[in-house]
Amino acid sequence: MNFQSIKWMIESLIKSYKCPECWEWINDTNVDIIWAAWSTINIDIECFKCGKHSMVKTEVLAINLSNKLLTEENINKLKNTLLNTNSINKINDKKINDKEIISLNKDLKKWKLNVSDLLG
């Protein structure tokens with residue numbers, strides 16, 4: 001993965017991301033890259049105001065936009081892909097809050113289970 005791509009992605013994230021709990025803007029001191037490999041990056045964001053942690057998984061992909069690929073058909077395909085991605089994100093907009101995670105953890109411990117027991 002190209003350093004410049006990571007840098008642009010992080011700068012874009014900082015300009016657009018607000019804490020989902022208190023709606024405070026973040027800055028570069030709140031962003032920690034936890035894991036990065038190939039085109040995937042996992043990021044931890046801690047809100048300096050309320051202390052909420054958010055995990056963000058992103059992918060940085062290179063797109064070849066040479067003149068040969070800039071046909072109307074290819075531009076429409078790219079546009080449709082982006083529109084479909086946005087509609088999927090709107091459908092899955094419900095967030096799990098910290099209290100629900102703590103409650104689930106307590107229930108799992110009470111029954112001596114773990115998350116893999118639920119998925120298996």
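The values are calculated or read from the model by the stated rules, or taken from the named source; none is laboratory data. From a predicted model like this one, the values you see are computed outputs, not experimental measurements. Every residue, glycine as well, gets a Cβ built from its backbone with ideal geometry; the counts of neighbours run over all protein chains shown.
Here are the numbers for the structure shown:
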| item | result |
| --- | --- |
| Residue satisfying all of: in region 9-20; in contact (Cβ under 8 Å) with a residue 12 or more places away in the chain and over 12 Å from the mean Cα position of the chain (by Cα); surrounded by the most Cβ atoms within 10 Å (Cβ to Cβ) among these | 19 |
| Count - residues of region 22-39 that are modelled with pLDDT of 90 or more and in a strand (DSSP E or B) | 5 |
| Helices (runs of 4 or more DSSP H) within region 52-120 that include 3 or more residues modelled with pLDDT of 65 or more | 72-91, 98-110 |
